[in-house]
Amino acid sequence: MIHTKQVIKYILISLFIAFYNCSGFLEQEPGSQTSINEQLSTKPGVVTALNGIYSNLESNLRSEVLAVYSDLQSGNLTFTPTDTGNNIGQIKVPFTIENAYSFSDISIESNLENFYNKSYDIINQTNLILEYVDVLTDATETEKNQIKAEALTIRAYTHFTLSLLYSQNYGYTSGASHKGIVYNTTTLTSGITYPSRENSANTYSLIITDLQTALTYYSDALLLDGPTYSYFNTISTKALLARVYLSKNDFQNAYDTANDVILNSGTSLISSDNLISEWEKTDTPVSEILLELSVPRGSGGSVGGSLASHFGFTSSSNYSDYVASADLIAIYEDSDLRKQLFLEEQLPTLVDEDLEDASYFFTKKFQDNPGYVVFRLSEMYLIRAEASLGLNNLEDCKTDINIIRSRANASLLENTTGLKTALLLERRKEMCFEGQYFFDLARNQQDIVRGADCISQTCSLNYPSLKFILPIPQSNIELNENLAQNESY
């Protein structure tokens, strides 16, 4: 076990780095450093900090290992061939995700260690804002409440994302008594603590409490610059709450909350006529977006990074690593408009030691300068459908599935037979590349079956399995004597 002084030193360094990296969070004069106390003593300082948290959240979600994780694990993605050098035409797993892809991630150097650590940095940043905001003297109560609402929502969202990756699905044990995650509601400046993991039931209870509390604070106050669709508000927070309720198998609340968003968001589904053109737009989100985190831009408007770095195609000598798997492409009917959301390109591929052109399918969802899609209205219809299924309202479930199918010009369900399979298939078709399908399968306690283009030694995973979740990074286990590792790691 690392000595206590080493722990304190590590935490203080991590705290400083977390806030130094917040966009503009620590402004410095030559030879001086702005303290956290000083920075958070004014409304402009807190608003700058909140903006920095959004920036950190976007970069963390957009990171390669997280952005591709769910679709890669569940079989929606495969890889493009190497385009240069001695290995041209070879298909290899990027080393950044190699262990996780084979369901053999290791705690000592986990592929997602940086994501885990940055997530708790983000959580600590929200907690600092929540500890300082009430004593601001230059902000109105409405403004303070709006700051609290957004900070609480980001805190809940980040914990929820961690729970999906590091804790088995809610129904894994009776009463969700299995291990959840550490849920932080105080800052590291409050003192050195060694928190234990909550069980899954308590984890979800804390997430829901944060979101319900946030909803009592939201107002029309606009504190941050930029497009409003890039920041949490009442509607997108309810969208998150609907997703959480569904993950918790709380079908009535999931139905009611998704239904609320559908009826009151002021947003409509993209029409059939505009489905393809909406996704092909550059720089702006599709019209049914509820929350999209904008790409970072420099002072001159240059893009600092986007999902195109993982999914983009520019030319036959300039393309990204991840494309649709053959079995994903195969599930679309020829009449389905969503089949047009794939860009088919011929790339030189090594076959029996000879280079041959082969077809690869890049998604059109994330070309050019795409933001990170967090919620859109289509998902709310699919959540309402799954909640209806859980409530045994089969006709309602079928109706919502058919709304999405009809928009895509796909064949409609004619009866309620096999609705669970149909619903999962529809979620796979509609939400592919948006980071959900692996968690959909886990929530519904389904096996993982990858197609023929899987290049891992492990191409299937029967449910239940300890490998549906990742290892807690070993460095965190060593720092916290009360932090239990996931079984099998």
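The values are calculated or read from the model by the stated rules, or taken from the named source; none is laboratory data. Note that the structure is predicted; figures quoted are calculated from it, not measured. Quick reminder, even Gly has a Cβ in these numbers, built from the backbone with ideal geometry, and neighbours come from all protein chains shown. Accessible surface is based on the protein model in full, side chains and every heavy atom, while ligands, DNA and RNA are left aside. Shrake-Rupley method; radii C 1.70, N 1.55, O 1.52, S 1.80 Å.
Observations, loosely collected:
- Residue list for the stretch 64-80, restricted to those being polar (S, T, N, Q), more than 11 Å from residue 438 (Cα to Cα) and surrounded by 24 or more Cβ atoms within 10 Å (Cβ to Cβ): 78
- Qualifying residue in the stretch 388-397 (condition: charged (D, E, K, R) and touching a residue at least 24 places away in the same chain (Cβ under 8 Å)): no
- Restricting attention to the stretch 222-247, the residues that are open to solvent by 20 Å² or more (accessible area, probe 1.4 Å) and either more than 12 Å from residue 386 (Cα to Cα) or acidic (Asp, Glu) (or both) add up to 13.
- In the stretch 324-346, the residues that are more than 16 Å from residue 365 (Cα to Cα) reach residues that are hydrophobic (A, V, I, L, M, F, W, C) and assigned to a helix (DSSP H, G or I) with C-beta atoms within less than 8 angstrom, at least six apart or across chains, in these pairs: 331/425.
- Taking the stretch 268-351 and the strands (runs of 3 or more DSSP E) fully enclosed by it, no element has 2 or more residues that are within 24 Å of the chain's Cα centre (by Cα) and not hydrophobic (A, V, I, L, M, F, W, C).
- Residue in the stretch 322-329 that is within 27 Å of residue 449 (Cβ to Cβ), touching a strand residue (DSSP E or B) at 6+ places or on another chain (Cβ under 8 Å), at pLDDT below 95 and open to solvent by 20 Å² or more (accessible area, probe 1.4 Å) present: no
- Residue count for the stretch 468-489, restricted to those that are of a type in the set (Phe, Trp, Tyr) and open to solvent by less than 10 Å² (accessible area, probe 1.4 Å): 1
- Single residue of 216, 257, 209 found to be closer than 28 Å to residue 176 by Cα, open to solvent by less than 30 Å² (accessible area, probe 1.4 Å) and not in a loop (DSSP other than H, G, I, E, B): 257
- Residue in the stretch 375-387 that is hydrophobic (A, V, I, L, M, F, W, C), over 26 Å from residue 85 (Cα atoms) and open to solvent by 30 Å² or more (accessible area, probe 1.4 Å) present: no
- Residue match in the stretch 282-296 (condition: within 18 Å of residue 430 (Cβ to Cβ), among the polar types (S, T, N, Q) and at pLDDT 95 or above): yes
- Restricting attention to the stretch 51-93 and to residues that are farther than 19 Å from residue 431 by Cβ and of a type in the set (Ser, Thr, Tyr), the residue that is modelled with the lowest pLDDT turns out to be 84.
- Taking every residue in the stretch 81-92 that is open to solvent by 70 Å² or more (accessible area, probe 1.4 Å) and pairing it with any residue that is outside any strand (DSSP E or B), at least 6 positions away or on another chain, the pairs with Cβ-Cβ distances below 7 Å are 92/82.
- Flag not set for residue 155, criterion: in contact with a strand residue (DSSP E or B) (Cβ under 7 Å, 6 or more places away or on another chain) and either closer than 23 Å to residue 489 by Cα or basic (Lys, Arg) (or both).
- Within the stretch 403-440, the set of residues being more than 22 Å from residue 333 (Cβ to Cβ) and in contact with a strand residue (DSSP E or B) (Cβ under 8 Å, 6 or more places away or on another chain) comprises just one member, 438.
- Here residue 446 meets the list (1) more than 20 Å from residue 267 (Cβ to Cβ); (2) open to solvent by less than 20 Å² (accessible area, probe 1.4 Å) almost entirely, failing just condition (2).
- Among the residues listed as 409, 369, the single one being in a loop (DSSP other than H, G, I, E, B), open to solvent by 10 Å² or more (accessible area, probe 1.4 Å) and modelled with pLDDT under 95: 369
- Pairs where the first residue, in the stretch 102-125, is closer than 11 Å to residue 476 by Cβ and the second is in a loop (DSSP other than H, G, I, E, B) and open to solvent by 20 Å² or more (accessible area, probe 1.4 Å), C-beta under 6 Å, 6+ apart: 107/489
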